[in-house]
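Values quoted throughout were computed directly from the atomic coordinates according to the rules given, and no laboratory measurement underlies them. These figures come from a predicted structure and were not determined experimentally. Positions of Cβ are generated from backbone atoms using ideal geometry, with glycine treated the same way; all protein chains shown enter the neighbour counts.
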């Protein structure tokens, strides 16, 4: 079962759900630490005890088979599935060749023990230190918050300001430690996939190579080893690209101005103190509240530090919200809420003046500020075409990372192609509307079919821009032996650029791996995806260039030619399509009183079934 992603925005809210999710990650961290200790201990037993080698290897393989990788999110890529199943594959192979093991490799300690010890001390150890700092800052902040909220409003203004500044300082320290702790947890979760598997893989390979294993066993293992190494390399590349995005997001989320922007994307929620009147006096009870604008529902979850009895959440239907006057109550940051369930208004105390304003705005239902979209225009298409033209002279260059081109002429053939690529990526990244949306599937044919369908649902300008870009990337990848830019590497570069999430969150960045897969499919299957558009461009030459002013012309798109099935004996005149495949074409004309339809019948020589007829032009006379 996968853990829910830890969002940096949840660090600011510090909700009970966030604490529960943190506890799940902490338990998994302890389990991983214990697993590494046991794995290292078993590895040392293999190295130091040749006499008991068989028993130690059996225990080692059993430990591997029992461990399962936890993952973030709902889906796994093919590489992650391969990595998750790697320990089970290792254990089965060890049990198979146990009787052939006679000696141990001399460098087994460098291959297995040291990398695992380094990961356990440097990664898991740092995470535990971040956890201690987070717990310490959390205790200091909430202790200071309780003292701050108990201050009387009758105190001097200078004392209140000093108390506010002290609370703000503690809050920022707590939020910073919380964000850094969450970031470190994601680091360990991602690095564990390759920093733990790679040493085991190297150690296992040494055993198979240097321990009198049969040639058949070694040859059977090599294909899986290569596939796993490719999966590990792809996972490492994904980690490096995701790590940069996570670090940038963490830096932005640390900025104080970003804290208030989050409420425009998230439902209003946070801690509130509710005034409860009893026969012997008034008490203030701490609740974690969520406000749902759709049904104007306010959900209150009790959050006392040491509750005597477990209480369920309380739901109130909001009627109105009024700010409480300062002189009418001894507490600060208060507002009254009228509900359908209670006869008297309910008084709440927010954590600060800014927090109270956010609650007031949320309950008043103010609309967010809309942004003006950036459209694809003729000038911007020209920019991309110029970039693609300039890139033709540098398709054999290694990589696309930007370097300093120096003082060069803009129109010179020596213009640095990496800088041009960076400009192209920056332009595509600045477009408001993402060019693509992607899908996940285990069936490769279904993936291609869905991507083809989604491509032709894009707006025309977006589709033209996408075709122009993918065609250029195919050209670059055709020189992969020289520039080392394979479709997989190109997908890592342009995947996040072409397919962006609606909001910048950790969960969205974890889906970058699926975006890369879609872009890789577009590059590898370029002819299949864009064959439909090529056929339509070819058929436009058969249509009349213009229509009379009294006739309305309506053209319809051709289907994907790979879906056509026709007989090789179909009558008609063969023509050469732009893709080089001969297509038999037959034009049929049907006429009614007001409408004339031109229907095309397409068939290929290698098809097996009867052709299909597709209307491509409809002429309707204006009454």
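Observations, loosely collected:
- Length gained on full extension, residue 78 to residue 17: 18.9 nm, using 0.36 nm per residue less the C-alpha separation.
- Peptides ranked, highest mean first, by Cβ atoms within 10 Å: ranges 238-248, 192-202: 192-202, 238-248
- Cα-based radius of gyration of region 267-364 once divided by 2.2 N^0.38 Å, which approximates compact folds: 1.04
- Here the label points at residue 210 and residue 315, each 7 Å from Cα along the C-beta direction, are separated by 6.6 nm in the simple model.
- Ranking of 359, 530 by neighbouring Cβ atoms within 10 Å, starting from the fewest: 530, 359.
- Full extension of the chain between residue 132 and residue 285 yields a length gain of 52.3 nm, computed as 0.36 nm times the residue separation minus the alpha carbon distance.
- Residue 330-residue 461 FRET efficiency (beta carbon distance; Förster radius 56 Å; 0.05 resolution): 0.35
- Translational D in µm²/s for region 6-65 (Stokes-Einstein at 25 °C, 0.890 mPa s, Kirkwood Rh from C-alpha pairs): 176
- Residue order for 352, 178, fewest other beta carbons within 10 angstrom first, comes to 352, 178.
- For 522, 458, the sequence from fewest to most other C-beta atoms within 10 Å is 458, 522.
- Cα→Cβ-extended label distance, 7 Å offset, between residue 219 and residue 478, nm: 3.8
- A full extension of the chain between residue 341 and residue 54 corresponds to an added length of 96.2 nm, given 0.36 nm per residue minus the alpha carbon distance.
- Distance (nanometres) between label positions extended 7 Å along Cα→Cβ at residue 152 and residue 106: 8.2
- Annotation: average projected area of region 1-128 is 9.3 square nanometres, based on the convex hull of Cα atoms across all directions.
- Once the convex hull of all Cα atoms in region 196-242 is built, its volume per residue stands at 53 Å³.
- Within region 165-193, backbone nitrogen closer than 20 Å to the virtual label 7 Å beyond the Cα of residue 140 toward Cβ: 165-184
- For region 8-260, the alpha-carbon radius of gyration amounts to 1.32 times the rule-of-thumb value 2.2 N^0.38 Å expected for a compact globular protein.
- Mean separation of Cα pairs under 8 Å and 6 or more residues apart, divided by the residue count, gives region 8-260 a relative contact order of 28 percent.
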